[in-house]
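Below: the structure, in structure tokens.
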Amino acid sequence: MPYILLLFQYHYKYPHWSISQMKTGIATTTMSSLPQTIILFLLLLGAFAQARDPFACDSKDAKTSSLPFCKVSMPIPNRVTDLLGRLTMQEKVRLLVNNAAAVPRLGIKGYEWWSEALHGVSNVGPGTKFGGAFPGATSFPQVISTAASFNATLWEAIGRVVSDEARAMYNGGAAGLTYWSPNVNIFRDPRWGRGQETPGEDPVLAGTYAASYVKGLQGNNGDRLKVAACCKHFTAYDLDNWNGVDRFHFNAKVSKQDIEDTFDVPFKMCVQDGNVASVMCSYNQVNGVPTCADPNLLKRTIRGQWNLNGYIVSDCDSVGVFYNTQHYTSTPEEAAADAIKAGLDLDCGPFLAQYTENAVTRGLLKEADVNSALANTLTVQMRLGMFDGEPSAQPFGNLGPKDVCTPAHQELALEAARQGIVLLNNRGPSLPLSHLRHRTVAVIGPNSNATVTMIGNYAGVACAYTSPLQGIGNYAKTIHQMGCADVACNDDKLFSGAINAARQAEATVLVMGLDQSIEAEFRDRTGLLLPGRQQELVSKVAMASKGPTILVLMSGGPIDVSFAKNDPRIGAILWAGYPGQAGGAAIADVLYGTTNPEGKLPMTWYPQEYVSNLPMTDMAMRSSPNRNYPGRTYKFYKGPVVYPFGHGLSFTNFVHTIASAPKVVTVPLDGHLHSGNATISGKAIKVNHVRCNKLSVGLQVDVKNTGSKEGTHTMLVFSKPPAGHWAPQKQLVAFAKVHVPARSQRRVGINIHVCKFLSVVDRSGVRRIPTGVHNLHIGGAKHSLSLQPVTLGVIKS
């Protein structure tokens, strides 16, 4: 019957329409004459056709839904205890893995724990399926690009959108509720193929990103979860496959100082500030022990010191890796026992399902240990509402296909791309381009018409794409030439067409850089230069170009483009990262000045020489002149750079003035100092001897826009501590965003938590607050702040 087909078409295309709107919209007399009750019945049929059955506690199954673990009125710990008491050992071990088995006699369905949502609902992992009512999901910029916005409000907003779409897909039977994102490892080495997935090289930036995105994903519903996020990969994981060393065999030798000062910071902030529901341990060993078998890392640090309210999961097949590849234990049963006793709750992979029962039988593990692991995973499932019966009756049960790829969600993806673009150079200035003078633009380069490249890795199926060529085409007539067949750019066969296009056009935009064939999971880079003959193409096109030449770079990691920076024929350089599904529109908006760029680099751009003799396997953060070691990241590396961390230009000019700030802040101590509690002549105090609660420094900063164009300013606050040669040369302590109209001024308040952000870490891995003068830097403005201890009481130590 045609009218039924029309009804369903309108229901899916316009799910927000009322019945009367649909009757009006379908221009058939047959449809308009249908009774409203029949239309409503058909709509309900359509809704039920999409709805997922309850995971457990189905009210239609009176036998199981009346059991205590199904009673929503009971406290979750009591429900978990009841359920554990009903499971056999064979059933328990099959729940220890990502593809957890069903328990039909208790009315519990199987569940796939592995889904990903790094920057949008992803099709990586078996828990998510695109197609049917869910052909795609909003694909935001890759994390390294979004981090360049330095906008915590944006990060949380993205998380809310992603979790809306994830819940919608769950309700439609197309996804799970446990998402193993975000990746908050430190982008320590610029060659790392997965650096693109991270928020960059600074621990505070990465930790703030982690907490913000996780809050957006998990929601603000008390102990109840919208979806369950996961911060990964714990810890000191930032090498995939370099020079014959891969992540499955790598033993990261890391000092206590660097663990506390750098590698663990984002994870601690994710757990304590973001209240994340999960942490994933990594493939590598740390100081000879696999992270997924290390009780010091899992049980004592994540769960003990940081109080994780959630579960710990392995990276996929990590337990199998430390048995089969690293040969850490003699038998698989010992490996299973070591992992669970260390604090692992869930295995991504089959290993624990295969060997845990025998480990208990052989006395290597107690059933109580298995129960403890399952209690953590079952608690998360109950916090998600998976044991509360019918999903449609629960919070977020109304979300469906109409809530995926909405115009508002896609607009946020565009805005995120705009905020993450970094203007590296602007000679002249050459940007923005003129609508009047630059009406014909040559668009050249292997990424000039990119689509899938723009969403990076761990992505899903985008709602739609706007390539750079399409975006620029909305502003000007374009002449398109690839110049290189792909980013490898192994020959010059297409150079002549690109050069001719540049000669004809009034402006030339080269969209160059990398893609997943150059940098990706299990694919670290060998160097920092543009691949193949890309540099040659850029230089030849710039030489031939009739108008201004603009270089746009797509990449996750930094690129040594010193040649372009120093070439007077290249007017401007933009870094777009991997800007997501709307990346081409965002690039064009910046090129033509519709958007004033506001992004800042979340990582240092090093020269090629930096990595020439630097092993990726050397984990030390601090420089060491004695062994000719340069150090890593802006905090410890003092050598030449192409562009520094935090660099990013605007089409206007901002000036900072510190309007008010204290000159002296007293640090209240919980006891007297003696030689065991202080170092460097007693001038650095243990943080755990300080009353840290609400101990912060408040600043008022005036930001003046002295230019003729309005813009949003990204304000970074750095501190240079006084604590001697083991302290960083400077460290990020705060950041903020402020929109300032042309020739106007705005005041911004900044609060810096003293214990978290003005502390440093000594060689023993002890976090301390250096007393004395800390120099704060905000752009060109400086302020000296003296921290002075005052003893409030006595403690024994």
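The values are calculated or read from the model by the stated rules, or taken from the named source; none is laboratory data. Keep in mind that what you see is a predicted model, and the values were worked out from it rather than measured. Every residue, glycine among them, receives a Cβ derived from its backbone with ideal geometry; neighbour counts consider all protein chains shown. For accessibility, only protein heavy atoms count, side chains too; no ligands or nucleic acids. Shrake-Rupley method; radii C 1.70, N 1.55, O 1.52, S 1.80 Å.
Table for the structure above
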{"quantity": "Amide H partners (placed H, <5 Å) of HIS233, local residues excluded", "calculated": "VAL184, ASN185"}
{"quantity": "Amide hydrogen neighbours beyond the local backbone of ALA734, cut-off 5 Å, H modeled", "calculated": "VAL717"}
{"quantity": "Surface share of carbon and sulfur [accessible, 1.4 angstrom probe, percent] for the chain", "calculated": "51 percent"}
{"quantity": "Assigned charges on the beta-carbon of Lys, Arg, Asp, Glu; the range 301-416 dipole about Cα centre (debye)", "calculated": "240 debye"}
{"quantity": "Sequence-separation-based contact order of the chain, relative, with Cα cut under 8 Å and 6+ spacing, percent", "calculated": "13 percent"}
{"quantity": "Cβ-based charge dipole, the chain, positive-most Cα from ASN751, TYR634, ALA373", "calculated": "ASN751"}
{"quantity": "Karplus-derived HN-Hα couplings along the range 380-395 (A = 6.51, B = -1.76, C = 1.60, θ = phi - 60°), whole Hz, x at Gly and Pro", "calculated": "5, 4, 6, 5, 7, x, 6, 10, 10, x, 4, x, 5, 8, 9, x"}
{"quantity": "Positive-end extreme of charge dipole, the chain - chosen from ALA359, PRO199, SER612 (charges on Cβ)", "calculated": "PRO199"}
{"quantity": "Cα-centre dipole for the chain with unit charges at Cβ (Lys and Arg positive, Asp and Glu negative), debye to 20", "calculated": "2140 debye"}
{"quantity": "Length-normalised contact order for the range 511-661 - Cα pairs under 8 Å, 6+ apart - percent", "calculated": "21 percent"}
{"quantity": "The range 655-789: antiparallel DSSP beta bridges as a percent of all, rounded to 5", "calculated": "90 percent"}
{"quantity": "DSSP beta bridges in the chain [antiparallel fraction, %, rounded to 5]", "calculated": "60 percent"}
{"quantity": "Nonlocal amide H pairs with THR478, under 5 Å, H built at 1.01 Å", "calculated": "VAL441"}
{"quantity": "Per residue accessible area of the chain, 1.4 Å probe, in Å²", "calculated": "37 Å²"}
{"quantity": "Relative packing of peptides 53-65, 497-509 - highest average C-beta neighbours within 10 Å first", "calculated": "497-509, 53-65"}
{"quantity": "List LYS299, LYS709, ordered by accessible area with a 1.4 Å probe, largest first", "calculated": "LYS299, LYS709"}
{"quantity": "Between the range 696-749 and the range 188-256, the alpha-carbon center distance in angstrom", "calculated": "26 Å"}
{"quantity": "In the range 121-215, GluC sites (Glu not before Pro) in a DSSP loop with at most 12 other beta-carbon atoms within 10 Å", "calculated": "none"}
{"quantity": "Distance between the range 477-506 and the range 281-358 - C-alpha centres, whole angstrom", "calculated": "51 Å"}
{"quantity": "Positive-end residue, the range 196-276 charge dipole about Cα centroid, Cβ charges, pick of SER255, GLY219, ASN243", "calculated": "GLY219"}
{"quantity": "Alpha carbon centroid spacing (whole Å) that separates the range 118-145 from the range 557-621", "calculated": "25 Å"}
{"quantity": "Within-15-Å neighbourhood charge of THR657 [Cβ basis; K, R +1; D, E -1]", "calculated": "+3"}
{"quantity": "Segments 533-541, 399-407 sorted - mean Cβ within 10 Å per residue, highest first", "calculated": "533-541, 399-407"}
{"quantity": "Computed over the range 480-522: relative contact order in percent, which uses C-alpha pairs under 8 Å that are six or more apart", "calculated": "35 percent"}
{"quantity": "Sorted peptide list for 240-253, 414-427, criterion being average Cβ within 10 angstrom, highest first", "calculated": "414-427, 240-253"}
